[in-house]
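Participant: My structure is below; once you've seen it, I'll send some questions.
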Amino acid sequence: MKADDEQGIYREFTEAVNMKPGELSTWLETDESKQVGWHKGGRSGGGESVGHESGRRIIELLRRKRGELSAADYSHMRKVVGYVHRHLAQRPSGDVRDTKWRWSLMNWGHDPLKS
């Protein structure tokens, strides 16, 4: 991957992810965080949702030095940016404070109430 591409992805990622690592870690421990998202095995399959798993990876990415990021890391960062942008476009009307829409975004490191 070219350095320019990496710079752009990194910039978009840090703009999309507006939660700090500790804040995201605390959020991921809540019941609300665990209630939302798509599960690879389906809802009945249990396990961790895709967004919750991504949130744990985002914490690792935020704590890592930029020079330590791999091509796979940049690929995940691009995935996060895409998810956040798509999900923000689906914002429901009214107060979103206690909505699954917000909780799902927060699993991906973005709290829309901070925007």
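The values are calculated or read from the model by the stated rules, or taken from the named source; none is laboratory data. Values in this document were obtained by computation on a predicted structure and should not be read as measured data. Cβ coordinates were reconstructed from backbone atoms using ideal geometry, including for glycine residues, and neighbour counts include every protein chain displayed. Heads up: the accessible areas ignore ligands, DNA and RNA and are worked out on the full protein's heavy atoms, side chains in. Shrake-Rupley method; radii C 1.70, N 1.55, O 1.52, S 1.80 Å.
Participant: Return yes or no: is ARG66 among the basic types (Lys, Arg), modelled with pLDDT under 95 and within 23 Å of ASP5 (Cβ to Cβ)?
Facilitator: In short, yes.
Participant: Which ones in segment 91-109 are under 17 Å from SER54 (Cβ atoms) and either touching a His at 6+ places or on another chain (Cβ under 8 Å) or surrounded by fewer than 18 Cβ atoms within 10 Å (Cβ to Cβ) (or both)?
Facilitator: Hits for segment 91-109 are LYS100, TRP101, SER104, LEU105, ASN107, TRP108.
Participant: Could you grab me the full set of residues in segment 80-90 that are exposed (fewer than 15 other Cβ atoms within 10 Å of the Cβ) and either aromatic (Phe, Trp, Tyr) or closer than 20 Å to TRP27 by Cα (or both)?
Facilitator: LEU88
Participant: Let me ask you something else. For the structure I just gave you, tell me whether GLY51 is among the small types (Gly, Ala, Ser) and under 16 Å from the mean Cα position of the chain (by Cα).
Facilitator: So GLY51 fits the description; yes.
Participant: Still on this model: Could you look through segment 65-79, keep only residues that are in contact (Cβ under 8 Å) with a residue 12 or more places away in the chain and of a type outside the set (D, E, K, R), and pick out the one that is surrounded by the most Cβ atoms within 10 Å (Cβ to Cβ)?
Facilitator: MET77
Participant: What do you reckon, is LEU62 within 17 Å of ASN18 (Cβ to Cβ), in contact (Cβ under 8 Å) with a residue 24 or more places away in the chain, open to solvent by 50 Å² or more (accessible area, probe 1.4 Å) and not basic (Lys, Arg)?
Facilitator: So LEU62 fits the description; yes.
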